[in-house]
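So the structure is just underneath, and the comments pick up after that.
The values are calculated or read from the model by the stated rules, or taken from the named source; none is laboratory data. Since the structure is predicted, the reported quantities are computational estimates derived from the model, not experimental observations. Because the Cβ atoms are built from the backbone with ideal geometry, glycine has one as well, and the counts that use them run over all protein chains shown. Keep in mind that these areas ignore ligands, DNA and RNA; they rest on the heavy atoms of the full protein, side chains included. Shrake-Rupley method; radii C 1.70, N 1.55, O 1.52, S 1.80 Å.
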Amino acid sequence: MVYYLLFLTITFISCSSESGNSHWWKEKAEQMVEKQIERRGIKDPRVLKVMRETPRHHFIPPHLEKMAYNDGPLPIGEGQTISQPYIVALMTELLELKGDEKMLEIGTGSGYQAAVLSALVSQVFSIEIVKNLVDSATVRLNKLGYKNITTRWGDGYIGWPEEAPFDGIIVTAAPDKIPQPLIDQLMVGGRLVVPTGTRRQELKIITKNDDGTIQSKNIIPVRFVPMVHPEDGNLDKGLEVDR
Ligand code: SAH
């Protein structure tokens with residue numbers, strides 16, 4: 001009897017732990033938004049809401065789950081990282097989304113940024129150059145029920161011409177300069193958020209004027225993984241690119 005009660009107690013404790021209680025992360029997400037995001041000046045209520053409601057722990061390897069809501073980037077495999085929550089919120093706020101946009105993301109990675117955008121816009125198209133990452137992100141996003149995200153294995157330097165123009169473009173890897181096809185695929189009045197540079201990177205917001213010229217504004221220094229070229233040789237073999 002004593003053993004039986006002990007067993008029941010242990011079972012109860014383990015079920016109410018992080019892995020057993022499916023709501024354990026809500027409070028962590030709440031604190032993440034308050035301490036890391038609002039305190040640093042993010043104000044858009046729609047962005048704050050989606051950062052509170054997106055289950056970030058589903059986008060990282062299970063052994064790192066407990067760190068999902070910490071104030072930093074985390075590895076997601078293949079030498080890549082999911083960005084710090086504040087940077088995701090900042091880049092999302094800079095896009096000034098209203099709700100009916102068609103968006104392009106370069107660098108699907110885990111799918112987290114695409115999931116954040118999904119709740120704020122009408123359609124998200126996301127390109128990833130590493131096959132394993134795009135495959136697992138696609139399965140993950142489907143399982144979690146995201147319906148308006150379309151992923152593609154491809155090279156972000158050429159964008160997604162068949163779906164252009166886009167109301168907004170977000171680049172989550174750093175090119176050394178802004179790829180012209182992305183500017184071409186941005187709608188007039190649209191916004192492109194992109195980190196650029198090699199050793200010193202700057203997060204930039206690019207807006208496109210009526211006459212096709214662009215305006216660029218530096219926001220803050222950042223550190224992103226580099227946006228790679230398929231010919232760099234460290235990528236999956238067999239990727240077809242029209243360059
Ligand atoms: N947005 C992701 C994090 C991206 S990390 C998330 O929320 O998890 C940057 C990603 O850009 C990596 O997955 C990397 O493989 C991808 N990447 C790098 N160069 C690329 C290119 N030329 N085209 C498309 N994706 C690229």
**Request:** Return one number: the angle in degrees, 0 to 90 and rounded to the nearest 10, between the long axis of the Cα atoms of helix 85-94 and the longest principal axis of the Cα atoms of the chain.
**Result:** 40
**Message:** So if each residue of separation counts as 0.36 nm, and I subtract the Cα-Cα distance between VAL188 and ASN70, what length gain in nm does that give?
**Reply:** 38.8 nm
**Prompt:** If the chain between LYS35 and THR207 were fully stretched, how many nm would it gain, using 0.36 nm times the residue separation less the Cα-Cα distance?
**Reply:** 58.9 nm
**Request:** Would you mind telling me the share, in percent, of accessible area of the chain contributed by carbon and sulfur at probe 1.4 angstrom?
**Result:** 53
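Among the listed pairs LYS98/LYS204; LYS177/LYS204; LYS43/LYS217; LYS147/LYS177, give every one whose C-alpha distance is greater than 22 Å.
Numbers: LYS98/LYS204 20 Å; LYS177/LYS204 11 Å; LYS43/LYS217 19 Å; LYS147/LYS177 32 Å.
Those over the limit are LYS147/LYS177.
With each run of n ≥ 4 DSSP H residues scored as -39500 (n - 2.57), what mean residue ellipticity at 222 nm is computed for the chain after dividing by its residue count and rounding to the nearest 500 deg cm²/dmol?
Details: 7 runs with 66 residues, N = 243.
The per-residue figure over the chain is -8000 deg cm²/dmol.
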**Request:** Could you do me a favour and compute the accessible area per residue for segment 23-237, 1.4 Å probe, result in Å²?
**Result:** 48
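With r defined as the distance between the Cβ atoms of LYS143 and SER122 and R0 fixed at 25 Å, what FRET efficiency is calculated, to the nearest 0.05?
Working: r = 22 Å, r/R0 = 0.87.
Once the sixth-power term is evaluated, E becomes 0.70.
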**Asked** Got a sec? What order do LEU144, LEU186 fall in by accessible area at 1.4 Å, biggest, i.e. largest, first?
**Response** LEU144, LEU186
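How high is the relative contact order of segment 43-111, given as a whole-number percent (alpha carbon pairs under 8 Å, six or more residues apart)?
On the way: 51 pairs, mean separation 20.1, N = 69.
It comes to 29 percent, rounded to a whole number.
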**Request:** Could you list the trypsin sites (Lys or Arg not before Pro) in segment 67-155 that lie in coil according to DSSP, counting only those with at most 14 other Cβ atoms within 10 Å of their Cβ?
**Result:** LYS98, LYS147
